[in-house]
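Inspection log for the structure reproduced underneath, given as structure tokens.
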Amino acid sequence: MDVEEEDVVGLVNESDIVIQQLQKDDVRLNFASIVGMGGLGKTTLARKIYNKDNVKRIFPCRAWGNVSNDYRPKELFQSLLRSLNLSGFENLSEEDLKKEVVKGLKGKTYLIVLDDIWETRVWDDIKGAFPDDNIGSRVY
């Protein structure tokens with residue numbers, strides 16, 4: 001679902017702040033979180049930023065993954081691979097799917113949005129899928 005700027009009320013300042021962070025000249029892989037109670041519009045804000053033209057120009061490689069409280073690693077990695085327009089990995093193990101995500105991102109300036117992470121163990125489990133090639137990639 002594309003979120004147009006005029007559809008989102010009250011998130012202009014927040015989106016500008018996040019976009020400024022995304023545009024920093026830091027070449028290292030950066031991780032950041034948009035946090036808050038349920039219903040505040042975190043996903044809407046992230047989706048709005050993800051779909052902005054200037055963000056698409058900065059990050060030609062983008063992927064969106066929904067994690068949720070019912071975390072299923074194979075489904076997350078398959079979803080990321082589909083977002084990266086990579087397919088044919090339905091029968092791979094979780095570890096092999098993770099390796100394919102790494103291969104799909106390697107050497108690219110990417111933006112990954114992981115929506116709805118509830119537990120730090122989930123992040124610990126998936127962070128190895130995001131290579132740091134010192135080209136300014138971001139995970140939110």
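The values are calculated or read from the model by the stated rules, or taken from the named source; none is laboratory data. Quick caveat: nothing in here was measured; it's all calculated off a predicted structure. All Cβ positions, glycine included, derive from the backbone under ideal geometry; neighbour counts span all protein chains shown. What goes into the accessible areas is simple: the full protein's heavy atoms, side chains included, and nothing from ligands, DNA or RNA. Shrake-Rupley method; radii C 1.70, N 1.55, O 1.52, S 1.80 Å.
Per-residue ellipticity at 222 nm from helix content only, as computed over the chain with -39500 (n - 2.57) for each DSSP H run of at least four residues, stands at -11500 deg cm²/dmol. For the peptides 64-73, 46-55, 86-95, the ranking by packing is 46-55, 64-73, 86-95, with the highest mean count of neighbouring Cβ atoms within 10 Å listed first. The residues of the chain present an accessible area of 58 Å² per residue when probed at 1.4 Å with all protein chains retained. With N counted as the residues of region 41-102, its alpha-carbon radius of gyration over 2.2 N^0.38 Å works out to 1.24. Quantify, in whole percent, the carbon and sulfur part of the accessible surface of the chain (1.4 Å probe; protein heavy atoms only). Exposed carbon and sulfur together represent 47 percent of the surface. Between the Cα long axis of helix 12-22 and the first principal axis of the chain there is an angle of about 40°, rounded to the nearest 10.
Spacing of the modelled spin labels on residue 54 and residue 121, each 7 Å from Cα toward Cβ, amounts to 4.1 nm. The amide H of residue 117, built 1.01 Å from its N in the peptide plane, has 68 as neighbours under 5 Å, considering only residues 5 or more places off or on other chains. Restricting to Cα pairs below 8 Å that are 6+ residues apart, what does the relative contact order work out to for the chain? Please round to a whole percent. Taking the mean separation of contacting Cα pairs over the length of the chain, I get 34 percent.
Using only alpha-carbon positions in the chain, the gyration tensor eigenvalues give semi-axes of 24, 18, 14 Å once each is multiplied by 5 and square-rooted (largest first).
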